[in-house]
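Here the structure is laid out as structure tokens; the discussion comes afterwards.
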Amino acid sequence: MTHPLRACRLLCLAVLAGLPLLARADAVEALKAFTQKVQSARAEFNQVVTSPDGARKKNSSGRFEFLRPNRFRFDYLKPYEQQIVADGQKVWLYDPDLNQVTVRGFDQALGTTPAAVLAGTSIERDFTLQAQPDQDGLQWVLATPKAKEGAQSGGIKSLRVGFRGNELAALEILDGFGQRSRLDFIKLELNPALTTQRFRFQAPAGADVLQQ
């Protein structure tokens with residue numbers, strides 16, 4: 001017969017061993033719940049882009065908004081202003097310094113942006129989800145695109161979504177060229193009253209418009 005104290009210790013060890021698995025499973029469920037229940041959101045963000053060799057880093061910050069299905073906008077404010085706006089059919093990238101607008105089809109451009117997981121319509125259809133170990137105080141989910149074509153052309157190879165409990169906190173993207181981008185979200189607001197008008201883009205007068 002197992003000694004009661006030993007049995008208690010074994011039970012405690014079993015519970016403690018299961019905690020990381022439960023936490024990681026909860027992160028996957030948190031991501032699924034986010035894509036199902038959050039129809040719009042806005043936040044501030046800080047972004048760090050790291051070169052494939054890890055030697056060079058580029059920092060930027062701005063505001064992010066999305067409205068399902070397939071509408072989003074990034075307003076980069078520092079160190080340089082830039083806009084990326086998706087109206088559900090096209091994605092517009094505007095560089096005020098160059099006074100230049102680049103236009104791409106939505107399906108073509110979505111795979112190269114973090115909005116693929118946040119503003120898309122079906123994450124489980126487009127991505128394979130896998131729980132990851134906790135890191136930086138966050139619970140992480142690895143989302144790997146089921147379509148491999150995008151990664152071969154420099155699009156998303158994989159991305160990790162970080163949650164603090166049920167709150168979206170970070171997004172980390174690895175592209176097909178080995179470049180890594182991490183966005184940390186601040187002042188996240190869920191389901192604000194956003195309209196489709198917010199995601200329409202009109203090229204400024206005199207801007208060069210390039211179709212891709």
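The values are calculated or read from the model by the stated rules, or taken from the named source; none is laboratory data. For clarity, every value in this text was computed on a predicted model and none was experimentally measured. Positions of Cβ are backbone-derived with ideal geometry, glycine not excepted, and every protein chain shown enters the neighbour counts. In case anyone asks, the SASA skips ligands and DNA or RNA and just uses the protein heavy atoms, side chains included. Shrake-Rupley method; radii C 1.70, N 1.55, O 1.52, S 1.80 Å.
Check ARG182, ARG198 and return the single one that is open to solvent by 40 Å² or more (accessible area, probe 1.4 Å) and under 18 Å from LEU31 (Cβ atoms). Result of the check over ARG182, ARG198: ARG182.
From ALA27, ALA33, ALA7, ALA17, grab the single residue that is exposed (fewer than 11 other Cβ atoms within 10 Å of the Cβ) and at pLDDT below 90.
Checking each option against the conditions leaves just ALA17.
The number of residues in region 77-94 that are at pLDDT 95 or above and crowded, with 20+ Cβ neighbours inside 10 Å comes to 1. The set of residues from region 144-158 being surrounded by fewer than 20 Cβ atoms within 10 Å (Cβ to Cβ) and either at pLDDT 85 or above or not in a loop (DSSP other than H, G, I, E, B) (or both) comprises THR144, PRO145, GLU149, GLY150, ALA151, GLN152, LYS157, SER158. The numbered conditions (1) within 21 Å of GLN83 (Cα to Cα); (2) of a type in the set (Val, Ile, Thr); (3) modelled with pLDDT of 90 or more are all true for VAL161 except (1). Which pairs have Cβ atoms under 6 Å, sit 6 or more apart or on different chains, and link a residue in region 27-56 that is closer than 23 Å to GLN83 by Cα to one that is small (Gly, Ala, Ser)? Partner pairs satisfying both residue conditions: ASN46/SER61; GLN47/SER60; VAL49/SER181.
For the structure I just gave you, tell me whether PHE185 is among the aromatic types (Phe, Trp, Tyr) and farther than 28 Å from GLN139 by Cα.
Against the criterion (among the aromatic types (Phe, Trp, Tyr) and farther than 28 Å from GLN139 by Cα), PHE185 does not qualify.
Restricting attention to region 40-74, the residues that are closer than 16 Å to LEU118 by Cβ and loosely packed, with under 15 Cβ neighbours inside 10 Å total 1.
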